[in-house]
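In what follows, a single structure is set out as structure tokens and then discussed.
The values are calculated or read from the model by the stated rules, or taken from the named source; none is laboratory data. Because the structure is predicted, anything quoted here is derived from the model rather than measured. Counting neighbours? That spans all protein chains shown, and the Cβs are built from the backbone with ideal geometry, glycine included.
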Amino acid sequence: MIDKCTLSLGIGIITAVQNCCAGSALILSTGDGSDPLVKLVTLIMKEAYGSLNEKVEVQHYPGWKRSLIESNKGNTDGELFRIKGIDKNYPNLIRVPVPVTHIEGVAFTRKEKLKSVTISNWSSISQYTVSYVSGIKFIENGTKGFSNVEALSSLQQLLYVVGARRIDFGVHDRISLITRIKKYKYSDIVILEPPLEEVPLFHYLHKKNKHLVSKLKTTLQLMIDNNRIKEIRTGFFETLSN
């Protein structure tokens with residue numbers, strides 16, 4: 001028979017655990033933590049969750065695909081950002097239907113003869129050798145059907161093969177690319193204009209957190225309407241240029 005002292009101790013432990021869990025942060029998964037786009041969206045989403053009195057932490061995985069696998073399994077509470085439609089292949093994720101920001105997919109090269117290639121859309125580079133970073137879905141979709149395309153493990157590796165002129169074109173998002181080109185001093189790498197595609201990005205929650213979807217929708221829309229997301233983007237880009 002359990003005495004009152006033991007019972008009280010047990011209840012106290014359970015209550016302490018519950019209080020700890022109640023105050024714990026939501027974990028959002030994503031890829032490369034050094035990616036400027038990740039840093040930008042982290043700022044936006046921490047402010048959005050903060051307005052709901054929710055704490056969030058960001059878990060970085062070595063691969064973008066691995067991040068999706070973990071969030072879809074429910075090992076994290078959601079995905080920091082992805083393109084629309086990712087839930088078709090990862091059905092446990094629910095899209096918050098207000099974009100948090102957008103990206104521009106651009107082609108870039110170091111080969112002199114290709115720096116004047118006319119770009120209009122994805123088909124403009126379909127006949128060339130092309131590489132990109134594995135797990136970036138809008139680039140996977142855009143290069144689908146290309147005869148000579150390769151997915152690499154990191155942006156650093158992508159810059160290396162473009163810098164060594166081993167391939168004709170690399171494809172990546174503009175924000176992350178410009179930062180890395182500047183960091184590694186690839187002064188003769190040229191980004192071709194216009195962008196191949198402009199893509200809105202959305203926040204995703206695991207279905208166990210579906211109660212937060214409507215709240216985040218309202219919060220993010222308000223941040224768009226009052227130009228708060230624009231202010232965060234502007235301030236972030238100013239820090240990148242310094």
Quiz prompt | Pick from the stretch 102-122, criterion under 30 Å from Leu40 (Cα atoms) and surrounded by fewer than 19 Cβ atoms within 10 Å (Cβ to Cβ), ranking: farthest from the chain's Cα centre (by Cα) | solution = Lys115
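Okay, residues lined up against (1) at pLDDT 90 or above; (2) surrounded by 19 or more Cβ atoms within 10 Å (Cβ to Cβ); (3) not hydrophobic (A, V, I, L, M, F, W, C):
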site	(1), (2), (3)
Tyr160	yes, no, yes
Arg166	yes, no, yes
Lys185	no, no, yes
Lys208	yes, no, yes
Lys217	yes, no, yes
Phe237	no, no, no
Quiz item: For the stretch 91-124, which residues satisfy the criterion of being out of contact with any Lys or Arg (no Cβ under 8 Å at 6 or more places or on another chain), part of a loop (DSSP other than H, G, I, E, B) and free of Cβ contacts under 8 Å to residues at least 60 places away in the same chain?
Solution: Pro91, Ser116, Thr118
Practice problem: Filter the stretch 141-150 for residues that are crowded, with 16+ Cβ neighbours inside 10 Å and either of a type in the set (A, V, I, L, M, F, W, C) or in a helix (DSSP H, G or I) (or both) and give the result. | Solution: Gly142, Phe146, Val149
Quiz prompt | Qualifying positions in the stretch 167-205 - assigned to a loop (DSSP other than H, G, I, E, B) and in contact (Cβ under 8 Å) with a residue 12 or more places away in the chain | solution = Ile167, Asp168, Tyr186, Asp188, Ile189, Leu192, Glu193, Pro194, Pro195, Leu196
Quiz item: Within the set of pairs 6+ apart or on separate chains, which have a first residue in the stretch 45-57 that is free of Cβ contacts under 8 Å to residues at least 12 places away in the same chain and closer than 21 Å to Glu231 by Cα, a second that is small (Gly, Ala, Ser) and surrounded by 13 or more Cβ atoms within 10 Å (Cβ to Cβ), and C-beta atoms under 8 Å apart?
Solution: none
Exercise. Kindly provide the set of residues from the stretch 28-87 that are at pLDDT 95 or above, assigned to a loop (DSSP other than H, G, I, E, B) and among the polar types (S, T, N, Q), ordered by number.
Key: Ser51, Asn53, Asn75, Thr76
Exercise. For the stretch 66-82, indicate whether the set of residues that are over 27 Å from Phe236 (Cα atoms), surrounded by 19 or more Cβ atoms within 10 Å (Cβ to Cβ) and in the same structural domain as Ile229 (by TED's automatic domain parsing) is non-empty.
Key: yes
Quiz item: Which of the residues spanning the stretch 125-134 are among the polar types (S, T, N, Q) and not in a loop (DSSP other than H, G, I, E, B)?
Solution: Ser131
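Collect the residues in the stretch 143-163 that are of a type in the set (A, V, I, L, M) and closer than 21 Å to Asp32 by Cα, keeping them in residue-number order. Outline the logic, then answer.
So in the stretch 143-163, the residues of a type in the set (A, V, I, L, M) come out as 149, 151-152, 155, 158-159, 161-162.
Across the stretch 143-163, the qualifying residues are Ala151, Leu152, Leu155, Leu158, Leu159, Val161, Val162.
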Exercise. Would you mind finding the one in Gln156, Gln127 that is in the same structural domain as Lys111 (by TED's automatic domain parsing), surrounded by fewer than 20 Cβ atoms within 10 Å (Cβ to Cβ) and closer than 22 Å to Arg66 by Cα?
Key: Gln156
Quiz item: Do we find that Ser134 is over 22 Å from Phe81 (Cβ atoms), touching a Ser or Thr at 6+ places or on another chain (Cβ under 7 Å) and either in the same structural domain as Arg82 (by TED's automatic domain parsing) or surrounded by fewer than 20 Cβ atoms within 10 Å (Cβ to Cβ) (or both) in this structure?
Solution: no
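So that you can scan it fast, the table gives a plain yes or no per residue for (1) farther than 21 Å from Ile178 by Cβ; (2) at pLDDT below 95:
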| site | (1), (2) |
| --- | --- |
| Ser120 | yes, yes |
| Ser126 | yes, no |
| Ser131 | no, no |
| Ile136 | no, yes |
| Ile139 | no, no |
| Phe146 | yes, no |
| Ala151 | yes, no |
| Gln156 | no, yes |
